[in-house]
Amino acid sequence: LASIYHCAVLPSYMNHRTKLMRAAFRLFVLVAGLALSACYPTTREAIGIASGPVNDPYLTGVWQGHISGDAGNTYLFFLSHPPEPPQIMLIRPGDGKDPAEWANFSLVVGKAGTHGILNVQFDNGSLPRDEAPDFTPMLYRIEADGALHMFLMNSLAAEDIVRANRMAGEIVSAGKSADVTFTGDPKTLDAVFAANAPKYFTVDFGTFRRSP
């Protein structure tokens, strides 16, 4: 995933936080083999932290599984080294034809109501907050068998939230490729997503199980 850094880090010099984050996630998804073209909604503030970030020790460790639509194995490393912010590393091993690829993201874990949220940033925690990219939120759920199931937000649902004035936000384009950034404060974000997060996070990112 070296090309991610070329495509996603260079735009930071143009002070375009949204472009930075979306480029990183889109390119990772493409490299991983997903045929998804939509832009995923982002937020200026993390979801689920109105009362402070959440520590979910169950996440820490190595997970193995598949990104939705991709048959290849992907490993997720949830890294926690207090007082440093947690990080998530995604690794896709080489298959003999293509080399191994990886990407590293800073992470803020939140909880909106009873729903766990992974707020991901492509900056490794190295940039000041006013220069860091926006968050790409992901709903996560621990299934009955212990599997970790992750979902991205639906762009159409995000657009509807802004147009219905339920949340302040910016819409760059509309429709299936709606480019939406929520600009509301943490309390408003939590209030909107606490009750109906599964209604808005409907894009299946993948299912992972603890690596032996």
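Assuming R0 = 35 Å, can you tell me the calculated FRET efficiency for the pair Thr60 and Lys97, based on Cβ-Cβ distance, to the nearest 0.05?
0.60
Pull out the extension gain between Val172 and Thr202, defined as 0.36 nm times the separation in residues minus the alpha carbon to alpha carbon distance; nm, one decimal.
This chain segment gains 8.7 nm when fully extended.
Would you kindly find the accessible area of Val172, with a 1.4 Å probe and non-protein molecules such as ligands, DNA and RNA excluded, rounding to the nearest 10 Å²?
Here the accessible area works out near 110 Å².
If R0 is 22 Å, what FRET efficiency do you get for Arg141 and Ala71 from their C-beta distance, rounded to 0.05?
Efficiency for this residue pair is about 0.45.
With every protein chain left in place, what is the accessible area of Trp102 in Å² (1.4 Å probe, nearest 10)?
The value for Trp102 is about 120 Å².
How large is the dipole of segment 154-206 about the Cα centre if only Lys and Arg carry +1 and Asp and Glu carry -1, each at its Cβ, rounded to the nearest 20 debye?
Roughly 140 debye, rounded to the nearest 20.
Please give the peptides 160-166, 201-207 ranked by average Cβ packing (other Cβ atoms within 10 Å per residue), highest first, as a rough proxy for protection.
For the peptides 160-166, 201-207, the packing ranking is 201-207, 160-166.
Please compute the modelled spin-label separation between Thr114 and Ala194, points set 7 Å along Cα→Cβ, answer in nm with one decimal.
According to this spin-label approximation, the distance is 1.4 nm.
Find which of Thr188, Met153, Phe205 sits farthest along the positive direction of the dipole of segment 149-212, computed with +1 on the beta-carbon of Lys and Arg, -1 on that of Asp and Glu, about the Cα centre.
Phe205
Amide H neighbours of Asp134 under 5 Å, counting only residues 5+ apart in sequence or on other chains, H built in-plane at 1.01 Å?
Excluding prolines and chain starts, which carry no amide H, the hits are Thr18, Met21.
Rounded if a/c is under 1.5, else prolate if a/b beats b/c, else oblate: with a ≥ b ≥ c from the C-alpha gyration tensor eigenvalues square-rooted, which is segment 37-91?
oblate
The values are calculated or read from the model by the stated rules, or taken from the named source; none is laboratory data. The structure displayed is predicted, hence computed values, not measured ones. With ideal geometry, Cβ positions are generated from the backbone for all residues, glycine too; neighbour counts draw on all protein chains shown. When the accessible area is computed, the model is the full protein with side chains, heavy atoms only, and any ligands, DNA or RNA have been set aside. Shrake-Rupley method; radii C 1.70, N 1.55, O 1.52, S 1.80 Å.
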